[in-house]
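Encoded as structure tokens, the structure appears first; notes follow it.
The values are calculated or read from the model by the stated rules, or taken from the named source; none is laboratory data. Fair warning: this is a prediction, and the values are worked out from it, not measured in the lab. As a convention, Cβ positions derive from the backbone with ideal geometry for all residues, glycine included, and neighbour counts pool all protein chains shown. Side chains included, ligands, DNA and RNA excluded: accessible areas come from the protein's heavy atoms. Shrake-Rupley method; radii C 1.70, N 1.55, O 1.52, S 1.80 Å.
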Amino acid sequence: MNKHSSGLVEIRGLQKSFGTLQVLKGIDLSVGRKEVVCIIGKSGSGKSTLLRCINGLEVFQSGELLVDGVPVKSSDPNAMRALRQKVGMVFQSFNLFPAMSVGNNIMLAPKLVKNMSPGDAKLLAEKLLTRVGLTEKFDSFPHELSGGQQQRVAIARALAMNPEVILCDEITSALDPELVGEVLQVIEALAREGVTLIIVTHEMNFARKVCDRVVFMHQGLVHEVGTAEDIFTSPKTPELRNFISVNHGQRELV
Amino acid sequence: MSSFSTWDVIRNLLLSLPWTLFLSAIAFLGGIVLGLVLLILRIMRPNSLGRLITWYVQLFQGTPLLMQLFLTYFGLALLGFNPSPLLAATLCLSFYASAFLTETWHGCVMSIPKGQWEASSSLALNLREQLRYVIFPQALRISVPPTVGLLVQIIKNTSLASVIGFIELTRTGQIITNVTYDPFFVYGTVALMYFALCFPFSMWGRTLERKFDVGH
Amino acid sequence: MKVLDFSDVITAWPLFISGFFMTCFLTLASCLLGTLLGTLCAWVRLQGPSLLKLIVAAYVELFRNTPFIIQIFFIFFGLASAGFKMGAIVASLVALTLNLGAYACEIVRAGIQATPKGQVEAAQSLALNRWQIFTRVMVAPGLARVWPALVSQLVIMMLATSVCSQISAEEISYSANFVAGKTFRSFESFMVVTACYLVIAIFFRKLLLWVGPRFIFGRMKF
């Protein structure tokens with residue numbers, strides 16, 4: 001494989017349908033190492049589906065998807081296990097495990113998948129909790145935390161597998177407005193540290209601030225790609241112009 | 001002994017089946033009548049009689065049916081009745097069924113949203129009218145699947161009447177086993193007969209449950 | 001002769017005590033084994049290979065639609081005549097476990113089926129395999145979801161141990177039968193034991209409802 005000539009995540013002609021409804025109509029996208037890419041677009045444009053294809057939560061029908069030069073094959077459990085160690089994911093609804101303490105949420109996968117010793121896993125979890133500003137919450141349970149705190153734990157949980165890339169699926173959409181900032185700060189810090197991120201978001205100001213590249217999706221296709229500056233200040237297509245004006249208007253109302 | 005052929009075993013078991021059905025029917029019907037009375041009393045007088053009925057339910061749900069059968073049987077004797085297994089079994093199983101049925105139905109009535117009570121009382125309906133026209137019709141619908149489930153429980157539980165000497169399917173199986181010394185075949189056949197009796201009801205109950213879930 | 005006379009029954013208290021301990025033993029052992037069996041069967045019915053699924057479905061229906069007394073007779077007398085000889089206690093444990101396993105399977109399955117999709121997706125994203133996801137992520141919250149229903153079933157199981165007296169497992173109903181036969185004070189003897197069951201049932205239910213959230217599923221919210 002020509003591993004070094006292409007990006008970390010390489011998507012070519014990706015198509016995906018739910019029954020008769022075609023959601024992705026041939027996506028081409030390449031994300032390089034240490035790059036931060038934001039995906040914006042109306043709901044129903046396929047951006048979450050695209051993200052979920054990258055770690056195999058959705059099965060696609062045709063096209064090619066390579067992560068670190070290895071094609072994603074959802075039919076092979078071992079290949080999926082290897083893939084998911086390279087791709088972390090943070091969800092809109094946090095999806096912390098309610099029966100486990102914060103510490104156990106973070107230590108679970110390193111212990112089970114990476115066979116890390118309990119002592120090492122604990123050190124790692126403590127380190128990561130400090131990184132997301134929740135040092136003292138190790139023994140708390142998810143329901144005892146605010147939404148923003150839960151999402152930060154979810155980020156730490158994804159980081160614990162030391163993935164090559166982290167996918168963020170509208171991670172602030174389920175949060176009260178006053179809790180959005182603390183989560184975005186953590187993501188911003190990760191971006192500065194050089195973590196590869198693919199972020200689906202509605203937070204336009206955030207996208208503008210931290211992304212190297214912004215992808216605008218429209219009706220199952222990549223409609224426009226560019227630097228944050230290009231996309232927000234000089235949108236080329238009427239669809240993007242329309243999208244930006246509507247969404248900036250909403251933002252200012254808040 | 002050896003004169004008991006396979007067919008004799010099955011025939012004798014089949015002949016005892018009506019007694020199991022009879023006991024189930026009496027217990028179920030008796031349970032429905034008594035359970036309904038208890039349900040209405042519990043709703044009309046939730047504090048005084050309702051508390052007593054809760055204890056009644058707790059008593060039957062918190063003790064083994066086997067003990068209840070023995071107590072009824074020997075209790076009747078103590079009261080001066082000639083203890084007959086038939087009387088003891090029908091009485092005891094009816095009380096037992098009434099406790100489970102009334103508790104289940106009470107749960108169904110309580111699950112009717114508070115708004116239905118409030119709406120109907122704001123229309124100046126009295127308690128009797130509320131129950132008759134608003135609450136019971138709704139509760140009836142949701143109570144059918146669990147009631148069918150209880151019927152299956154009752155059919156299975158009639159087997160315990162064998163212990164006080166009521167000659168139904170299980171007791172007949174025991175008697176035949178004592179003659180043929182083939183418990184594997186006899187109890188296996190008895191089990192299959194109970195299964196043939198209960199399984200259709202279980203399936204029916206499940207279908208009703210699904211239908212209700214969809215309609216909800 | 002008085003109508004009710006408990007004196008003979010009370011003198012036999014050591015028998016009741018030993019019966020009480022046997023009842024407790026049968027209950028606790030079969031509750032643990034039966035819940036475990038039920039959970040495994042729930043896994044089979046949800047994710048297992050299709051042949052095994054069929055076998056488990058047949059087992060569950062068979063045990064849920066036949067009386068416990070016939071199950072225990074078949075296991076104790078029937079299997080012995082077919083060459084599998086067991087003591088009364090072992091046969092009781094086997095029968096109780098199989099019976100509870102069938103009911104627990106359906107209860108636990110319902111709880112596990114209600115697992116939010118996001119929980120499974122999060123676990124998948126962390127590269128956990130199917131078995132790890134089931135045991136680590138789905139079972140505990142699934143049990144928590146149906147704990148009240150499961151507790152009711154465990155109490156029913158406790159009461160069903162009385163049937164074990166019919167194959168002369170020496171639990172507390174057996175004590176009652178024995179004392180009734182010896183003293184001719186049947187009603188009094190059964191009354192005492194029935195009261196014992198009532199106390200055990202109330203206490204057992206309270207204990208399980210208290211223990212569950214504290215020691216089985218951690219501090220999670222229901």
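Overview of results
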| item | result |
| --- | --- |
| When residues of region A:76-94 are limited to those that are open to solvent by less than 30 Å² (accessible area, probe 1.4 Å) and over 16 Å from residue A:48 (Cα atoms), the one nearest to the chain's Cα centre (by Cα) | A:84 |
| Residue check, residue C:17 in a helix (DSSP H, G or I), among the aliphatic types (A, V, I, L, M) and without any contact (Cβ under 8 Å) to a residue 12 or more places away in the chain | yes |
| Flag if residue C:71 is open to solvent by less than 50 Å² (accessible area, probe 1.4 Å) and within 14 Å of chain B (Cβ to nearest Cβ) | yes |
| Restricting region B:78-99 to residues that are in a helix (DSSP H, G or I) and farther than 23 Å from residue B:168 by Cα, the residue that is farthest from the chain's Cα centre (by Cα) | B:78 |
| Per-region count, region B:120-134, residues surrounded by fewer than 18 Cβ atoms within 10 Å (Cβ to Cβ) and either in a helix (DSSP H, G or I) or within 11 Å of another protein chain (Cβ to nearest Cβ) (or both) | 7 |
| Odd one out for residue B:75, checked against (1) part of a helix (DSSP H, G or I); (2) within 21 Å of residue B:108 (Cβ to Cβ); (3) not acidic (Asp, Glu) | (2) |
| Entirely in region A:159-219, the strands (runs of 3 or more DSSP E) that have 1 or more residues that are among the aromatic types (Phe, Trp, Tyr) and open to solvent by less than 20 Å² (accessible area, probe 1.4 Å) | A:213-218 |
| Filter result for the condition that a residue is surrounded by fewer than 20 Cβ atoms within 10 Å (Cβ to Cβ), of a type in the set (Ser, Thr, Tyr) and within 18 Å of residue C:99 (Cβ to Cβ), over C:162, C:173, C:152 | C:152 |
| Unique residue being open to solvent by 30 Å² or more (accessible area, probe 1.4 Å) and not aromatic (Phe, Trp, Tyr) when the list is A:47, A:25, A:16 | A:25 |
| Criterion: surrounded by 22 or more Cβ atoms within 10 Å (Cβ to Cβ), among the β-branched types (Val, Ile, Thr) and under 20 Å from the mean Cα position of the chain (by Cα) - qualifying residue of A:67, A:59, A:102 | A:67 |
| Tally of residues being among the charged types (D, E, K, R), closer than 23 Å to residue C:156 by Cβ and open to solvent by 50 Å² or more (accessible area, probe 1.4 Å) across region C:34-62 | 1 |
| Total residues in region B:158-198, condition surrounded by 19 or more Cβ atoms within 10 Å (Cβ to Cβ) and among the small types (Gly, Ala, Ser) | 5 |
| Failed item in (1) away from chain C (no Cβ under 12 Å); (2) in contact (Cβ under 8 Å) with a residue 24 or more places away in the chain, with residue B:137 passing the rest | (2) |
| Index of the failed condition, residue B:117 passing every other in (1) within 14 Å of another protein chain (Cβ to nearest Cβ); (2) open to solvent by less than 60 Å² (accessible area, probe 1.4 Å) | (1) |
| First in region C:108-133 and within 20 Å of residue C:150 (Cβ to Cβ), second anywhere and among the small types (Gly, Ala, Ser) and modelled with pLDDT under 95, Cβ under 6 Å, 6 or more apart | C:111/C:142; C:112/C:142 |
| Output for region A:179-194, where each listed residue is in contact with a Leu (Cβ under 8 Å, 6 or more places away or on another chain) and among the β-branched types (Val, Ile, Thr) | A:183, A:187 |
| Helices (runs of 4 or more DSSP H) contained entirely in region C:74-192, each with at least 3 residues that are within 12 Å of chain A (Cβ to nearest Cβ) | C:117-125, C:139-160 |
| Of residues in region C:52-73 being part of a helix (DSSP H, G or I) and in contact with a Phe, Trp or Tyr (Cβ under 9 Å, 6 or more places away or on another chain), the one farthest from residue C:150 (Cα to Cα) | C:73 |
| Residue in region C:21-31 that is open to solvent by 30 Å² or more (accessible area, probe 1.4 Å), more than 23 Å from residue C:161 (Cβ to Cβ) and out of contact with any Gly (no Cβ under 9 Å at 6 or more places or on another chain) present | no |
| Considering residues of region B:66-107 that are within 9 Å of chain C (Cβ to nearest Cβ) and more than 12 Å from residue B:160 (Cα to Cα) only, the residue surrounded by the most Cβ atoms within 10 Å (Cβ to Cβ) | B:73 |
| Selection from region A:105-139 of residues that are under 22 Å from the mean Cα position of the chain (by Cα), open to solvent by 50 Å² or more (accessible area, probe 1.4 Å) and touching a residue at least 24 places away in the same chain (Cβ under 8 Å) | A:114, A:131 |
| So residue B:16, is it more than 17 Å from the chain's Cα centre (by Cα), part of a helix (DSSP H, G or I) and among the hydroxyl-bearing types (Ser, Thr, Tyr) | yes |
